[in-house]
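Asker: The structure follows.
Please treat every number below as a calculation from the coordinates, not as lab data. Keep in mind that this is a model prediction, so the values were computed, not measured. Neighbour counts run over all protein chains shown; Cβ positions are idealised from the backbone, glycine included.
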Amino acid sequence: FFFKQKTAYEISLGLVGSEMCIRDSSRIAEKLAGVTHGKIKLEDSGFDWKIIGPDIHNVKYVAWQCDQDAYALSGQKCSAQKFLLVHKNWAKTDLFKTMEQLAARRKIEDLTVGPVLTVNNSTFEKHRDSILKLPGAKVLFGGKLLKNHKIPACYGSFEPTAMYVPFKNFLDPAAFPILTSEIFGPFQVVTDYEDKDINDVLKTFEKIPLHLTAAVVSNDIAFKQRVLGNTVNGTTYTGWRGRTTGTPQFFWFGPSSDPRAAGIGTRESIKHVWSVHRGIMCDDMPIPENWEIPKSTQTQSQLRTTLIK
């Protein structure tokens, strides 16, 4: 559900035995978790990552899916791709060039790029510039404001943007919060990595506080199992068609490690919201007429065995 803050609080105070499933900001979610004493299921926010593995396959398709994940709906989706990690094997392909060409097709005339409701141009430019101050950072494509439009100044209006940053910057405690600050619009951070970096990559995923969706673009079974076994994002697509958006009807918007994680549209989530867990044990068989008090026992199970006999 989408609630205004006051409405969410009012509803939460009326909860008795059931739980509330909410899609809201992380800040409001944390407050509601306290107000409801944990009787809440949350759809997490997302700084959603996609990692492209060492096995190269169909560059056009992978580039197109990256474009869709990052820039469809002008990047204003909770599951939008915000962090792209590409294995250096792909450096010999035209993946980035194809992504740039696809992003350039997006026009305000057909709304394939459009107003950004929650991030104005000043915020976008400040974030872009703060990233550019990091060693080796550059604008991969985009990075400019849209032209010839009538979008009000209170909204954002900027090109689909990708910022390249060398992976070592993610290991810098001072740079990490800058790089993982989400711009809820057509904006992503791109980096590359080598086999020797994989442990640090997995640690980076774990350090990101939001674990909504993710994608592991690879058909390399060993690679997939290593990444999937060390991450907790609630909805994760894997395989050469891996994506962060277009989630299925039964998606689980995690993190999967959090007991408050929400499933949307699943039987499990419906059960959590509309019913309560309760155990009623029926023990109403007649007591035998010749039953006598048994000897003292150490456990209830020993007594139960005696009664059955």
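Asker: I'd like the Karplus ³J(HN,Hα) series for segment 83-96: coefficients 6.51, -1.76, 1.60, θ = phi - 60°, whole numbers in Hz, and an x wherever there's a Gly or Pro.
Answerer: After applying 6.51 cos²θ - 1.76 cosθ + 1.60, I find 9, 10, 10, 10, 5, 5, 4, 7, 4, 7, 9, 9, 4, 5 Hz.
Asker: Let me ask another. With θ set to phi - 60° and the Karplus curve 6.51 cos²θ - 1.76 cosθ + 1.60, what are the ³J(HN,Hα) couplings of segment 66-80 in order, to the nearest whole Hz, using x for Gly and Pro?
Answerer: 4, 5, 5, 5, 8, 10, 4, 6, 6, x, 9, 9, 4, 9, 5
Asker: If you filter segment 92-185 for chymotrypsin sites (Phe, Trp or Tyr not before Pro), then keep DSSP loop positions with at most 16 other Cβ within 10 Å, what is left?
Answerer: Numbers: sites: 96, 124, 141, 155, 158, 164, 167, 170, 184; in loops: 155, 184.
Listed in order of number, the matching sites are 155.
Asker: In addition: Count the net charge of all other residues whose Cβ sits under 12 Å from the Cβ of residue 200, scoring Lys and Arg as +1 and Asp and Glu as -1. Intermediate results must be reported in sequence, preceding the final value.
Answerer: Numbers: positive: 168, 196, 203, 207; negative: 172, 194, 195, 197, 206.
Result for the neighbourhood of residue 200: -1.
Asker: May I pose another question? Between residue 59 and residue 151, how many nm apart are label points set 7 Å from Cα along the C-beta direction?
Answerer: Modelled inter-label distance: 3.0 nm.
Asker: Also: Order 214-220, 48-54, 175-181 from most to least packed using the mean count of other Cβ atoms within 10 Å. Present the calculation step by step, with values, prior to reporting the outcome.
Answerer: Working: 214-220: 22.7, 48-54: 24.7, 175-181: 16.0.
Order by mean packing, descending: 48-54, 214-220, 175-181.
Asker: With the cut-off at 18 Å, tell me which of the pairs 97/224; 50/82; 77/207 have Cα atoms farther apart than that. Don't skip to the end; give the middle numbers.
Answerer: Details: 97/224 26 Å; 50/82 8 Å; 77/207 22 Å.
97/224; 77/207, as the Cα separations exceed 18 Å there.
Asker: A follow-up question, please. Through the Karplus equation 6.51 cos²θ - 1.76 cosθ + 1.60, θ set to phi - 60°, convert the phi angles of segment 147-154 into ³J(HN,Hα) values in whole Hz; use x for Gly and Pro.
Answerer: Per residue, the Karplus-derived 3J(HN,Hα) values read 10, 6, 9, 10, 6, x, 5, 6 Hz.
Asker: Amide H of residue 190: which non-local residues (sequence gap of 5 or more, or other chain) have their own amide H closer than 5 Å, using H built in the peptide plane?
Answerer: Under 5 Å from the amide H of residue 190: 84, 163, 164, 165.
Asker: Return the long-range amide H neighbours of residue 120 (sequence gap of 5 or more, or a different chain), with a cut-off of under 5 Å between placed amide H atoms.
Answerer: Residues meeting the criterion, in which the H sits 1.01 Å from N, do not exist here.
Asker: Moving on. I need the peptides 225-232, 97-104, 132-139 ranked by packing, meaning the mean over residues of other C-beta atoms within 10 angstrom, with the highest value on top. Kindly include the intermediate steps, with their values, before the conclusion.
Answerer: Values: 225-232: 15.2, 97-104: 17.8, 132-139: 13.8.
Final packing ranking: 97-104, 225-232, 132-139.
Asker: Moving on. Taking amide H positions as placed 1.01 Å from N in the peptide plane, with prolines and chain starts having none, which residues 5 or more places from residue 81, or on another chain, fall under 5 Å of its amide H?
Answerer: 70
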